Amino acid sequence: MVRNILSRLLQAVCVLLGVALLIFIMLRIVPGNPIATLMGEHADRAVIERMTAELGLDQPILRQFIRYLADALRGDFGTSYSLGKPVAALMGAAFGNTLKLAVLAALFAWILGITSGVIAAVRKNGLLDHLFMGASLLGVSMPVFMVAMLLQYVFAYHLHWLPIAGVSSWKGFILPAVALGWNSAGSVARLVRSTLLEILEEDYIDTARAKGRGQLGVLVLHALRNAMLPVITMMAVQFSSLLSGAVITESVFSINGIGRLAVQGISGRDIPLLQGTVLFSTLVVILGNFLADCLYSVLDPRVRKEG
Amino acid sequence: MSEVLLEARNLNREFPAGRKKKIHAVSDVSLRICEGETLGLVGESGCGKSTLGRLLIRLIEPDSGEVLVRGKPVTGLKEKEFSSYRRKFQLIFQDPYASLNPRMTVRDLIAEPLKTYKVCGSKEETTERVLELMKAVGVPGEFLHRYPHQFSGGQRQRIGIARAIAADPDLIICDEPVSALDVSVQNQILNLLRELQTQRGLTYLFISHDLSVVRHISNRVCIMFLGKICESGPVEELFQDPLHPYTRFLINAVLVPDPHRRSDSAELLKGELPSPVDLPSGCRFHTRCPYATDLCKSKEPAMQQIGGREVACHYPGVFK
Amino acid sequence: MLQVNHLCTSFFTDKGEVRAVDDVSLEVPAGKIVGIVGESGCGKSMTARSVMGLVRAPGKIKSGEILLDGRDIVRLSEHERCAIRGSEISMIFQEPMTSLNPVVRVGHQVEEALLLHEHVKKQEAEARAVEIFEAVGIPDAKKRLRSYPHQLSGGLRQRVLIAMAMICRPKLLIADEPTTALDVTVEAQILRLMKKLCGSGTSILLISHNLGVIAQVCDYVYVMYAGRIVEQADTFTLFDNPCHPYTKGLLDSVSSLRSGAQVLDTIPGVVPNLLHLPAGCSFSMRCGCCMEKCADLLPELHETEPGHRVRCHLFDKEEPA
Amino acid sequence: MFRKKKKEKEQAQDIRLASQIDEEESFFSLMGRMARENKLAAASAILILVFILAAIFAPFLTRYSYSDMDLLHRLSPPSSGHLFGTDEGGRDILTRLLYGARISLLVGVVPTLLSMVIGALLGLASGYAGGKIDALIMRLADIMLAFPSMLLAMVIMYMLGDGLINVFLTLALVNWASVARIVRSETLQLKKKEYVEAARVIGVSKAVIIFRHILPNCLPTLIVLFTLNVPSAILTESSLSFLGLGIQPPDASWGQMVNAGRQYFYNAPWLSLVPSAAIMLIVMAFNFLGDGLRDVLDPHQKKQ
């Protein structure tokens, strides 16, 4: 078990290194000198050269990369070109908001998704099933920005129930979290339903029924635990798409988060900022995957014992 | 005795099973198959009989040991050099549902070996050959353009057989060809295999767990236990007078379809197959053998000749 | 003890109604092993599932009654049925590999029925589980209770399933192909175990396609073909004096394999599709002694001698007018 | 001789019997079955077709121009003259929607096709070859999949710069990895199938095994994957455009229309909502169709 976790951890670190290298390269094969672009056409050539050298941008890519990594390990992600502040400080301020948003959205999505998925499976082809599955398809199909804008329009602009933007109080998180979780709730519900229906066809369900377990007992004691396994795998993937969606939600609700920093990084052609935010989000995704793997092996004895 | 068609010498094959563990699928197996005979290969599931069949025709490469075809070693050959042999060895599979590509018609399935070895010149000639083959295995020619899922299990197995004999092979390895079929259909296929053998002078290696079937179709039998051959010999001799305790227990365990001959009192083998990952020391059978001694626990018995038969036991015939 | 009268179970598919079990009547007396034999798709498993009340949609018991000690269990509510399942009737399935819940310890799975039906304490349940594990021949019973299914071999899992079915000492055990997935040496062990169980007072309904299994352990046999019972007799009579052409064909197929004959006896053709059965005898298409009326007129079950019934026109007592 | 004849007759009958069990299902009859059993999928297919036709024949369906301003009718709400109202430049939203469908549909289909081809080839290679090639491709896929897809798309867009072609490339690069993974696991399963082994016994070449025995049996999965990836490509593009990073004017996609309408959202919500609804509809149609296709094509995921 411990070895298993260690080897997964090692794998996660390797993926993270790969990710870092990939972003680094991608952001550096953009044609033209970023400093020159940043400073505009009329900048003094000597100044550009001095700054390029200062930032180490004239050195081979691999050396730059190693230097970047070494700095990053010490918590230094460079200085934002466009905002003029250390990237680490910017991200530190933003990270809390994004994390709160993502976790709230995830809780909303998973609780809603799992409950409605289970109910739909149990009442297969019934009214509730059609209702929930219709709603979940709507959930999967609606673009995040549409949900976000609608919620904002109805609950904030029209009804004044909740703040229209910003996260000065906890109330500010409600609309963005619902908007963000809406999508995932739909796909979790659909997966839970189909997995559960599949598992209810398994032979061991017959065995349990032959033992005299009633429908509820079979469902809770035998089917659900098995049905959770693929759902856990999906949740990890979901977490990553939540971070994707956060870019949009943060933009709609003007929340100071990682996603908005990333957008700022692009529009400001701000390589250190973009690089830092993407790397950081990916780190969170990889961590999430790792946790899901661990949880999976706790729940499934078949994985636990073997390599 | 006729010429030896295929010979295996000390074949070994292991498969990795998790960290630092290995499944010893086939250990130190030697056997000979003579031209025109049917050699039965019997054993319980997981004893390595299918792996052995695939090692013989190089679908799986052995870790060590060699295979000789008519006395010529073929183990080290490159795939290209081996292809002339490949054509001469075919395989019939256990599951007639899984062994035919569901997206190919009967014609394409049977024509595949013909095309691969460019047996026929033209398309028309190929189709004609396919029709001949279908007739030979008893599938009406009108079903030339049908897909496998439109046939019953027995018919699919016939198509599989037609594909196997298409390129005129010398040896066919039959890997449990009838165990997925119902009793009545099983006999139809066994009859067909016999008929083809006499018509075309085929040699069979017949792999099965069903002793009655093996007894019916084979000339000689090898009994396998946990990756090793424990006894081999002519079929009737071996069934009448087994020498290895395992053989005897296998024969005892056969359920005779006759209520007057109930084997209620016959001695049964205790326990289950040891795992092929953690093999017992010494003789692999000693954990289940009621006659095992200290010698059996410590030393692996060598293959010894007794009459026309071979047996790997320290005390052959001990139970008599 | 168990009496099934005119049971019909059908599947309602897009292509029409499939009558998987058609007018089946059978009886399992106390303390006996009764066998149902037939080829794949003949409806033998469906009969067993109907008795257990485990028929899945789109299948449904259409008519008939299933009497357990005189009580019709078809008409019981789902709740009442749950109380019977596992305590009075229990069932073991064909696939020991997939019939155990992979994420629950086997001990817990075995104790479950006991906790459910007899409301015993956890410790007592565990003691009883150890006891039954030893009775069905599982070595290291205490340790094994804590195993997960994937850590056990096929034979052990089948024993666990038997232990699970037997722990409440049911009156009737339904065994659906209990040895088909097992190796020959283990198969013989399991069959012997089942005989032992029967000796201790449980009746067994054994379903198998293997005539060897039937001949070795059963007291009375029903032969099924295409959803109907075509012949029934006690085991000795059936094997000595089979009457239905299908039974004869089956027995000949098996015995010619053992006789050393060069060409084996076969039954021509395949099991017919249950969607397109002929109006008359369903075996008529493959039958060597098929007569004109066979295709159109369904034969009755005739009693040829006491306890021996055959569904075949060859045994019609009088020509229908 | 007589005996033999009889045998053949019997066998012919056999097959007739057996063939009733499983009637022939060609591609078209499968689609027919889906249409009969799954009305939603059929309706979705029709809706998709309507969208495609509307995009192609856009100039004939509207009397307005999609780019000419009409400053007298700025931000007018939906009316009989302008079914969905007008935008800040007085342009008819329905007209812009029709023209935008061209881009949005292309953005759904082209990159998805591209990513399917890349993913399928890499997945086949990875699954069939195994060993180092497999490890290399799969580690690369792991890395790609570790990114939140929006952020990855943003970085790639940054790298490639604006432009329709670059949007296509970006979406293809974002999506290939998941396709490759699925095709790989499918290949691994198919590789173990007996009929693939049968082909090896016969001695057919690797290329023939891959393209004749494995790929055709992956096709159902690929078709389903395609219908499910098109909407996700459309969603990603619309999100990019919503942030102003995707398609740039004068090309107009639905996502970009939403973005353009954002600043007038409280006065003229239809500016953003109409294209949003269009995105939702097409995405939903593809999802329904994908589910329907999976039910009939994929034997593992039987109808429930």
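Just to be sure I follow the definition: excluding the sites themselves, where is the longest run in chain B that has none of the GluC sites (Glu not before Pro) in a DSSP loop with at most 15 other Cβ atoms within 10 Å?
On the way: sites that count: B:E3, B:E267.
My reading of the result: B:4-266 is the longest stretch.
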If Rh is defined by the Kirkwood formula over all Cα pairs and Rg also comes from Cα, what ratio Rg/Rh do you get for chain B? 0.99
Using only the C-alpha atoms of chain D, find the volume of their convex hull and express it per residue in Å³. 181 Å³
Amide H to amide H under 5 Å from B:V221: which residues, 5+ apart in sequence or cross-chain, H placed 1.01 Å off N in plane? B:G40, B:G233, B:V235
Cleavage-rule hits, trypsin sites (Lys or Arg not before Pro), segment C:1-62, DSSP coil, Cβ neighbours within 10 Å at most 15: C:K15, C:R56
Sequence of D:I182, C:I207 when ordered by accessible area, the most exposed leading, probe 1.4 angstrom: D:I182, C:I207
Hey, could you pull the Cα Rg and Dmax for segment B:90-184, both in Å? 12.6, 41
Name the residue from D:V196, D:C218, D:V258 whose Cα lies farthest towards the positive end of the charge dipole of segment D:189-288, charges +1 on Cβ of Lys and Arg and -1 on Cβ of Asp and Glu. D:V196
Is segment D:140-281 best put as rounded, prolate or oblate by its Cα gyration tensor, with a ≥ b ≥ c the root eigenvalues, rounded for a/c under 1.5, and otherwise prolate when a/b is larger than b/c, oblate when not? prolate
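Report, to two decimal places, the Cα Rg of segment D:140-181 normalised by 2.2 N^0.38 Å (N = number of residues).
This ratio for segment D:140-181 stands at 1.10.
With 13 Å as the cut-off, how large is the P(r) tail for segment C:250-321, expressed as percent of Cα-Cα pairs? Let's see the in-between values first.
On the way: 1827 of 2556 pairs.
Percentage above 13 Å: 71.
Have a look at the DSSP beta bridges in chain C and tell me what percent are antiparallel, nearest 5.
60 percent
One quarter of the convex hull surface, Cα atoms only: what value does that give for segment A:95-219 in nm²? Intermediate values should be presented prior to the final figure.
Values: hull surface 38.0 nm².
Directional mean of the projected Cα hull area for segment A:95-219 stands at 9.5 nm².
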With unit charges on the beta carbon (Lys/Arg positive, Asp/Glu negative), name the residue among D:L289, D:S272, D:S126 whose Cα is farthest towards the positive pole of the charge dipole of chain D. D:S126
Considering only DSSP beta bridges with both partners in the protein assembly as shown, what is the antiparallel share in %, to the nearest 5? 60 percent
Here the equivalent ellipsoid of segment A:193-307, derived from its Cα gyration tensor, has semi-axes (largest first, whole Å) of 43, 16, 8
Please list, in chain and number order, the residues 5+ apart from B:I92 or on another chain whose amide H is under 5 Å from its amide H, with Hs placed from the backbone. B:I173, B:C174, B:D175
What share of all Cα pairs of segment C:186-321, in percent, falls into each consecutive 10 Å distance bin? 11, 36, 34, 16, 4, 0
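How many percent of Cα pairs in segment C:1-82 exceed 21 Å?
Numbers: 909 of 3321 pairs.
Here the long-distance tail beyond 21 Å is 27 percent of all Cα pairs in segment C:1-82.
About the Cα centre of segment C:131-241, how large is the charge dipole given +1 on each Lys and Arg Cβ and -1 on each Asp and Glu Cβ? Please answer in debye to the nearest 20. Numbers along the way, then the final one.
On the way: 12 positive and 11 negative charges, 130 e Å.
So the dipole magnitude of segment C:131-241 works out to roughly 620 debye.
So what are chain C's ellipsoid semi-axes, whole angstrom, largest first, if each one is the square root of 5 times an eigenvalue of the alpha-carbon gyration tensor?
On the way: eigenvalues 268, 100, 61 Å².
Equivalent-ellipsoid dimensions as semi-axes: 37, 22, 17 Å.
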Expressed in µm² per second, the diffusion coefficient of segment B:13-140 from the Stokes-Einstein equation, with Rh the Kirkwood radius over alpha carbon pairs, at 10 °C and 1.306 mPa s, is 90 µm²/s
Hull surface over four for the Cα convex hull of segment D:46-102, reported in nm², is 3.8 nm²
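Can I get the semi-axes of segment B:258-320's equivalent ellipsoid? Compute them from the C-alpha gyration tensor as square roots of 5 times the eigenvalues, in angstrom, largest first.
Values: eigenvalues 120, 67, 24 Å².
The three semi-axes for segment B:258-320 are 24, 18, 11 Å.
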So what's segment B:128-175 giving for Cα Rg divided by 2.2 N^0.38 Å, two decimals? 1.12
Intensity falloff of segment D:214-282 expressed as log10 I(q)/I(0), Debye formula with alpha-carbon point scatterers, at q = 0.17, 0.27 Å⁻¹: -0.63, -1.12
Please work out the Cα center distance from segment A:75-122 to segment C:157-177, rounded to the nearest Å. 52 Å
Could you give each residue of segment B:44-59 its phi-based ³J(HN,Hα) in whole Hz, using Karplus coefficients 6.51, -1.76, 1.60 with θ = phi - 60°, and x for Gly or Pro? 7, 4, x, 8, x, 5, 5, 4, 4, x, 6, 5, 4, 10, 6, 6
Choose one of A:A223, D:A135, A:V118: the residue whose Cα lies farthest towards the positive end of the charge dipole of the protein assembly as shown (beta-carbon charges +1 Lys, Arg; -1 Asp, Glu; about the Cα centre). D:A135
Direction-averaged shadow area of the convex hull around the Cα atoms of segment C:98-169, nm²? 4.2 nm²
Once exposed loop chymotrypsin sites (Phe, Trp or Tyr not before Pro) are cut out (DSSP; at most 14 other Cβ, 10 Å), longest piece of chain D: D:58-265
I need the phi-derived Karplus couplings for segment C:223-237: 6.51 cos²θ - 1.76 cosθ + 1.60, θ = phi - 60°, integer Hz, Gly and Pro marked x. 9, 10, 9, 6, x, 10, 7, 9, 7, 9, 6, 6, 3, 5, 4
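First obtain the Kirkwood hydrodynamic radius of segment A:91-306 from its Cα pairs, then insert it into the Stokes-Einstein equation at 20 °C and 1.002 mPa s, and state the resulting D in µm² per second as a whole number.
Working: Rh = 18.8 Å.
The diffusion coefficient I find is 114 µm²/s.
Report, in deg cm²/dmol and to the nearest 500, the calculated mean residue ellipticity at 222 nm for the protein assembly as shown, where each DSSP H run with n ≥ 4 adds -39500 (n - 2.57) and the sum is divided by the residue count.
Details: 45 runs with 647 residues, N = 1252.
One gets -17000 deg cm²/dmol as the mean residue ellipticity at 222 nm.
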What list of ³J(HN,Hα) values in whole Hz, one per residue of segment A:4-13 in order, does the Karplus curve 6.51 cos²θ - 1.76 cosθ + 1.60 (θ = phi - 60°) give from phi, with Gly and Pro shown as x? 4, 5, 4, 5, 5, 4, 4, 4, 4, 4
Find the Rg to Rh ratio for segment B:168-320, where Rh is the Kirkwood radius over alpha-carbon pairs and Rg uses the same atoms. 1.00
Environment charge of B:A111, counting only residues whose C-beta is closer than 10 Å and scoring Lys/Arg +1, Asp/Glu -1: +3
Long-range amide H contacts for C:K62: which residues qualify at under 5 Å (H placed 1.01 Å from N, peptide plane, sequence gap of 5 or more or a different chain)? C:C8, C:T9, C:S10
Only loop residues by DSSP count here, and only those with at most 14 other Cβ atoms within 10 Å; note down the chymotrypsin sites (Phe, Trp or Tyr not before Pro) in segment A:146-236 that meet that. A:W161, A:W170
May I ask for the distance between the Cα centers of segment D:99-170 and segment C:82-147, given as a whole number of Å? 51 Å
Using alpha carbon centroids, what distance separates segment B:206-227 and segment A:170-198, in Å? 58 Å
Stokes-Einstein D (µm²/s) once Rh is taken as the Kirkwood radius of the protein assembly as shown over alpha-carbon pairs, at 4 °C in 1.567 mPa s: 37 µm²/s
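By accessible area of protein heavy atoms, probe 1.4 Å, what ranking do C:M1, C:M91, C:M46 get, highest first?
Numbers: C:M1 55, C:M91 10, C:M46 35 Å².
Result, largest first: C:M1, C:M46, C:M91.
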Can you tell me which lysines have their Cα less than 21 Å from the Cα of B:K20? Leave out same-chain residues fewer than eight positions away. A:K305, D:K132
Heavy atoms of the protein only, probe of 1.4 Å, neighbouring chains included. What is the accessible area of C:H209 in Å², nearest 10? 70 Å²
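The values are calculated or read from the model by the stated rules, or taken from the named source; none is laboratory data. Predicted model only: the values in this text are computed from it and were never measured. In this analysis, Cβ positions are derived from the backbone assuming ideal geometry, glycine residues included, and neighbour counts consider all displayed protein chains. Accessible surface areas use protein heavy atoms only, side chains included; no ligands, DNA or RNA. Shrake-Rupley method; radii C 1.70, N 1.55, O 1.52, S 1.80 Å.
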